[in-house]
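What follows is a short report on a single structure.
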Amino acid sequence: MIIRPATLNDLPQLLEIEQGVIAYERPFNPALKPEGATYYDLPFLIADENSQLLVVEDDAVIIGTGYVQIRTSQPSRKHAQHGYLGFMFVASDYRGQGINQQVLARLKDWAFQRDVTDFYLNVYSQNASAIRAYEKAGFTSLMTEMKL
């Protein structure tokens, strides 16, 4: 397996993975469009100097993804900027092998080199397996988004 920055050549596989993630998460959020939903501007994340989109490849097939984007923090925060993590995905046949942890470590290292030490992400409260994985990596719940 190889962990590397994504390139525009990866877009077909990345777009397919994104649709799989959305399909998996659709039961958690009835507000998602039944068709045509997207989460990410993948070409932007690949090209943006304040973002690092990684792919995990096995025999030229992308089996894992994740990105960190440096964002300006709210003025009330002690830190001026933070890393926002997203598109954290590992194919089902590869789960339980520590791949997500390796991707998180690489993304955090990239951000640390840019003096970013605080990280945030969003996860659906019903997605128990993702929550466990993030807690294992040291994340704690801060806030719950409510919808009416």
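The values are calculated or read from the model by the stated rules, or taken from the named source; none is laboratory data. Note that the structure is predicted; figures quoted are calculated from it, not measured. Virtual Cβ from ideal backbone geometry, glycine too; neighbours counted across all protein chains shown.
For region 90-110, state whether one or more residues are under 24 Å from Ala133 (Cβ atoms), in contact with a helix residue (DSSP H, G or I) (Cβ under 7 Å, 6 or more places away or on another chain) and of a type in the set (A, V, I, L, M, F, W, C). The answer is yes; a qualifying residue exists.
Working carefully through the options Ser141, Ser125, Ser129, find the one that is hydroxyl-bearing (Ser, Thr, Tyr), surrounded by fewer than 18 Cβ atoms within 10 Å (Cβ to Cβ), modelled with pLDDT under 95 and in a helix (DSSP H, G or I). Of Ser141, Ser125, Ser129, the one residue that is hydroxyl-bearing (Ser, Thr, Tyr), surrounded by fewer than 18 Cβ atoms within 10 Å (Cβ to Cβ), modelled with pLDDT under 95 and in a helix (DSSP H, G or I) is Ser129.
Can you find, within region 63-120, the residue that is nearest to Pro5 (Cα to Cα) among those that are among the acidic types (Asp, Glu) and assigned to a loop (DSSP other than H, G, I, E, B)? Walk me through it before giving the result.
Pass one, region 63-120, residues among the acidic types (Asp, Glu): 93, 109, 115, 118.
Among the residues that remain, those that are also assigned to a loop (DSSP other than H, G, I, E, B) are: 115, 118.
Details: Asp115: 20, Asp118: 21 Å.
Checking each candidate, the answer is Asp115.
In region 73-101, the residues that are surrounded by 20 or more Cβ atoms within 10 Å (Cβ to Cβ) form Cβ pairs under 9 Å with partners that are in a loop (DSSP other than H, G, I, E, B) and of a type in the set (Val, Ile, Thr), at six or more places apart or across chains, as follows: His82/Val116; His82/Thr117; Gly83/Val116; Gly83/Thr117; Met88/Val123. Scanning region 1-59 for residues that are within 25 Å of Ala105 (Cα to Cα) and in a loop (DSSP other than H, G, I, E, B) yields Met1, Ala6, Thr7, Tyr39, Tyr40, Asp41, Asp48, Glu49, Asn50, Asp59.
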